1. As I understand it, the value is the acute angle between the Cα axis of helix 176-192 and the longest principal axis of the Cα atoms of the chain; what does it come to in degrees, rounded to 10?
2. Evaluate the charge dipole of the range 1-160 about its Cα centre and quote only its size in Debye, nearest 20, assuming +1 on the Cβ of each Lys and Arg and -1 on the Cβ of each Asp and Glu.
3. Could you state the number of Å between the C-alpha centres of the range 243-285 and the range 42-114?
4. I need the fraction of alpha carbon pairs in the range 192-268 separated by more than 21 Å, rounded to a whole percent.
5. Report relative contact order for the range 244-298 in percent, whole number only (criteria: Cα-Cα under 8 Å, sequence separation at least 6).
6. When the convex hull of the Cα atoms of the range 3-240 is projected onto a plane and the area is averaged over all directions, what value comes out in nm²?
7. Could you tell me which of 152, 266, 243 has its Cα farthest along the dipole of the chain towards the positive end, charges placed at Cβ (Lys, Arg +1; Asp, Glu -1), taken about the Cα centre?
8. As I understand it, the value is the acute angle between the Cα axis of helix 276-288 and the longest principal axis of the Cα atoms of the chain; what does it come to in degrees, rounded to 10?
Amino acid sequence: MRSLLFVPGDSERKMLKAADSGADALILDLEDSVALSRKAEARQMVASFLAEANNSSAPFPKLIVRVNALDTGLTDDDLGAIVRGAPYAILLPKAGSGADIQNLSARIAVEEAGAELPDGGILIHALMTETAAGMLQASTFAAKSARLSALAWGAEDLAADIGASSNKDENGRYTDVFRMARSLTILAAAHSGVDAIDTVFTDFRDMDGLGAGCRDAVRDGFSGKMAIHPDQVSIINAAFTPAPEDVERAVRILALFAAAGPDAGVLSLDGKMIDKPHLRQAERVAQRAGLEPQALSRGD
Ligand code: COA
Ligand code: MG
């Protein structure tokens, strides 16, 4: 999933617009972009939008719902309103540890049962750096729930949690704590075997800045990026789509390893050594390109 576009859950207009944005996924927000007085209305709007998407024959982006954090007392009402619409995933903000993922997973399971949906069908994405606790517990997110499929990072709430007046220095570069949040997300995602999703770029008129941020994110191992404005989507999609020459090289590496069999250690390609790390990298590129691993290992 390359682009994940945030849409305030209390704006029908924006939800409709977002559906045509070209984003791989929409994050229908019930949390920070919705005022407390509008939460109930937003739940109903998001539920209707999910139902509309389920009944539509047109291709739709994947739909993710950001619920309110577990300590707000609002999460169960959020889940009660939207799980029956079978969203692709629930995004948990301010995740404090792997135990929160397990807790959310159990709550989703109850709602799935009530709605007669298959157990475990709805995935979990988590924002794991919005609190100091979440960062310090980064290693606990792994293996707590089979639903967990992506970890993302956020910088705005963390600034509030630690009392920082800004998350960037005078040159516009994230300060150390926020760079650490970004790094921990990459590490925790790899440790958990899930996708790492880069945070939003809030200056939505600065396309050069967004492009540069996307290139950094691809280089450092993120598989996608969250967006806040439809104009950001095409830039994100382009950046996170592997170049044809990279895909071609990845396919050649996978075919070489497949032909060499399970005991292959070190091989050579175009006069250069390739070994296990290259294989893993090639697998990631192939996955990002949407190629089917079995077909590749058969050398089709
Ligand atoms: N999803 C869908 N449509 C959006 C959108 C979004 N995230 N952001 C903007 N649009 C629409 C606007 O409604 C407008 O449509 P219209 O011309 O039909 O009215 C069009 O795109 C152009 O918008 P623009 O005028 O450039 O921006 P804006 O001032 O209306 O909105 C924001 C700016 C930041 C308020 C808006 O982009 C937004 O709501 N972003 C998401 C915020 C969010 O969910 N935050 C939580 C996570 S950090
Ligand atoms: Mg927030």
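Rule-based calculations on the coordinates, nothing more; no lab input. Note that the structure is a prediction, hence the values are computed from the model and not measured. Ideal geometry is used to build each Cβ from the backbone, glycine not excepted, and the neighbour counts take in all protein chains shown.
1. Relative to the chain, helix 176-192 is tipped by roughly 70 degrees.
2. Dipole about the Cα centre, nearest 20: 280 debye.
3. Centre-to-centre distance over Cα atoms comes out at 39 Å.
4. 44 percent
5. 45 percent
6. 12.2 nm²
7. Farthest towards the positive end: 266.
8. Approximately 50 degrees, to the nearest ten.
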